[in-house]
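Report on the structure given below.
None of the figures in this text is laboratory data; all of them are computed from the coordinates on show. Treat the numbers as computed from the prediction; the structure is a model and nothing was measured. Don't worry about glycine lacking a Cβ; one is built from the backbone with ideal geometry, like all the others, and counts go over all protein chains shown.
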Amino acid sequence: MVKVAILGFGVVGSGVAEVLTGQGDGLHKKADELIELKYILDVRQFPDSPFAGCFVQDFSVIENDPEVDVVVETIGGVGAALDFTERALQAGKSVVTSNKELVATHGPRLLAMAAEHQVVYLFEASVGGGIPILRPLSDCMAANDILEICGILNGTANYIFTRMVQDGIPFAQALKGAQANGYAEQNPTADVEGHDTCRKLCILSSIAFGWHLQPQQVPTKGITQITLEDAAYAAACGRRIKLLGRAIAEEDGRICAYVEPHFVSLENPLAGVEDVFNAITVKGTATGDVMFYGRGAGKLPTASAVVADVIAAARQLERASYRPWQPNRPECIVSPEELATQWYVRLAQGELTGERLTIDQGQKGESGWLTPAMTKPALEKALAGKDVLAVIRVLD
Ligand code: HSE
């Protein structure tokens, strides 16, 4: 019997408790002979919870209990979550998490610490919610060199933009819907400014390329500046706007990674990914494009990925672990400024070389344009002196 402690009883932590004990969607059936929930750590009291008897407020109870084999960290952030993760690993307990900020920032050290103590540190739920992506990328695609990762990695941002475009509701109202559904981070700035996508891209890249790509090395732009007019111009040229995380391997092995909204052609399956859904395209040397799709956030999809890792930790400790990540390689990072693509530009007035786009609801004097393929510095030169309202990269 493997005994589990959950740290944090928020959306994900409570979902893990439900699924583990059979109060969720029945996934527990594969684990119930193996796994028992012993503790839940939270500073709050939950006297009416069916798990009321499991609550503790002092992490040392879990740390010092030799019966606890697996600790599930769903606190989030890099404060207490880091401290408790290190202490759990040092106490010889495997740790499973959905905490992308912690993995993206401290992943290599925590993986090494887990290996040193002959336990595992697993984080399938940190990317893509309920989508199986990290183990397939790490194991099932192991025969490939990865050429590119391109994905919609934040359910909240995708939900907000889908609701704004389809229902015509304002940004703030769409964000409230994402929060009510349990999709958004405690501070939703990370969702809408692209930082959450950036952390997930770093985790995917570190697994795919074998060395630690750090969030501060990835230029990141979110969705807060995008308007419904931009969405109308996208529709006018057969495209949709999607916030994408992209990591491209150059022929010399350097990596170009960035997070930005893109115009995505309706012919690309990423354009049809709506609401809370995420999708990740991985291009391998042998496989070509492989696509992963599913619910990218939410209580039970995320709990599903966490509980799968708990089962993996319980069943086969060594085989479950990810390959260690080598240290960061700053010399292997290429700026996206040099990536030549088409661009969408909205001008307050004036003209531009390229294809002119027209929409019914356009403001007087404004115009939308698709430029020829060019780098960012070349675009900036072409836009010098013009009254520019919006610039969005076009996915090739
Ligand atoms: N806030 C995240 C999202 C949760 O919306 O994608 C899942 O990582």
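Among the lysines, which fall within straight-line cross-link reach of K364, defined as a Cα-Cα distance under 25 Å, with same-chain neighbours fewer than 8 residues apart omitted?
Output for K364: K386.
Given the options A174, A303, G53, identify the residue whose Cα lies farthest towards the positive end of the charge dipole of the chain (+1 on Cβ of Lys, Arg; -1 on Cβ of Asp, Glu).
Comparing the listed Cα positions along the dipole, A174 ranks first.
Given the chain, report the % of alpha carbon pairs whose separation exceeds 32 Å.
Considering the chain, 37 percent of its Cα-Cα pairs are separated by more than 32 Å.
Under a plain spin-label model, where a point goes 7 Å from the Cα along Cα-to-Cβ, how far apart in nm are E338 and D48?
6.0
What is the spin-label model distance, in nm, from E36 to Q216 if the labels are put 7 Å beyond Cα along the C-beta direction?
Inter-label distance under the simple model: 4.6 nm.
Can you run the Rg to Rh ratio on region 335-390? Use alpha carbon positions and the Kirkwood inverse-distance Rh.
0.99
From zero up to wherever the largest Cα-Cα distance of region 137-221 sits, split into 5 Å bins and tell me the percent of pairs in each.
Cα pair-distance distribution for region 137-221, in percent: 3, 14, 21, 19, 14, 12, 10, 5, 2, 0.
Below 8 Å between Cα atoms, with a sequence gap of 6+, how large is the relative contact order for region 1-153 in percent?
Over region 1-153, the number comes to 19 percent.
Using only alpha carbon pairs under 8 Å that are at least six residues apart, calculate the relative contact order of region 190-263 and give it in whole percent.
33
Can you tell me which of 263-270, 203-210 comes out highest on packing, and rank the rest after it, using the mean Cβ neighbours within 10 Å?
Averaged packing, sorted descending, gives the order 203-210, 263-270.
Does region 60-122 classify as rounded, prolate or oblate by the C-alpha gyration tensor (a ≥ b ≥ c root eigenvalues; a/c under 1.5 gives rounded; else a/b over b/c gives prolate, otherwise oblate)?
Oblate.
What do you get for Rg/Rh over region 1-148 if you use C-alpha atoms and the Kirkwood form of Rh?
Rg/Rh for region 1-148 comes to 0.97.
Report the convex hull volume per residue for region 258-316, counting only C-alpha atoms, in Å³.
141
Using 18 Å as the cut-off for backbone N distance, which residues of region 141-163 belong to the label zone defined by a point 7 Å from the Cα of R329 along Cα→Cβ?
Backbone N within reach: 142-149.
Taking R0 as 30 Å, what FRET efficiency do you get between D145 and H117 from their Cβ-Cβ distance, rounded to the nearest 0.05?
0.45
Quick one: compute the contact order of the chain, relative version, from alpha carbon pairs under 8 angstrom and 6+ residues apart, as a percent.
Here the relative contact order equals 18 percent.
Measuring from label point to label point, each 7 Å out along Cα→Cβ, what is the R315 to T21 span in nm?
Once both label points are built, they end up 2.4 nm from each other.
Could you please report the charge total around T375, scoring K, R as +1 and D, E as -1 over all other residues with beta-carbon less than 15 angstrom from its beta-carbon?
Every neighbour counted, the sum reads -3.
Of all DSSP beta bridges in the chain, what percent run antiparallel (nearest 5)?
Given both bridge residues lie in the chain, the antiparallel proportion sits at roughly 65 percent.
Give me the angle, in degrees from 0 to 90, between the Cα long axis of helix 100-116 and the longest principal axis of the Cα atoms of the chain, rounded to the nearest 10.
The angle comes out at about 40 degrees.
So what's Rg/Rh here for region 214-264, counting alpha carbon atoms and using the Kirkwood radius for Rh?
Taking Rh as the inverse mean 1/r over Cα pairs, Rg/Rh reads 1.09.
How much length, in nm to one decimal, is gained on full extension between E380 and T353, taken as 0.36 nm per residue of separation minus their Cα-Cα distance?
8.4 nm
Given the rule -39500 (n - 2.57) for each run of at least 4 DSSP H residues, summed and divided by the residues of the chain, what is its mean residue ellipticity at 222 nm, to the nearest 500 deg cm²/dmol?
Calculated from helices alone, the mean residue ellipticity at 222 nm is -9000 deg cm²/dmol.
If you bin every alpha carbon distance in region 81-224 into 5 Å steps from zero, what whole percent lands in each bin?
So the P(r) values, bin by bin, are 2, 9, 18, 19, 18, 14, 10, 6, 3, 1, 0.
Which FRET efficiency, nearest 0.05, do K364 and T224 yield, Cβ-Cβ r, R0 25 Å?
For R0 = 25 Å, the calculated efficiency reads 0.50.
Based on alpha-carbon centroids, what's the gap between region 83-160 and region 175-205 in Å, whole number please?
Answer, in whole Å: 16.
Taking the Cβ-Cβ separation of V78 and Q166 as r and a Förster radius of 51 Å, what is the calculated FRET efficiency to the nearest 0.05?
The formula returns an efficiency of 0.90 here.
With just the Cα atoms defining each centre, how far is region 56-81 from region 291-331? Give it in Å.
Value for the Cα centre distance between the two parts: 19 Å.
Any of K38/K200; K3/K176; K176/K221 with alpha carbons more than 26 Å apart? Name them for me.
Checking Cα-Cα distances, K38/K200; K3/K176 exceed 26 Å.
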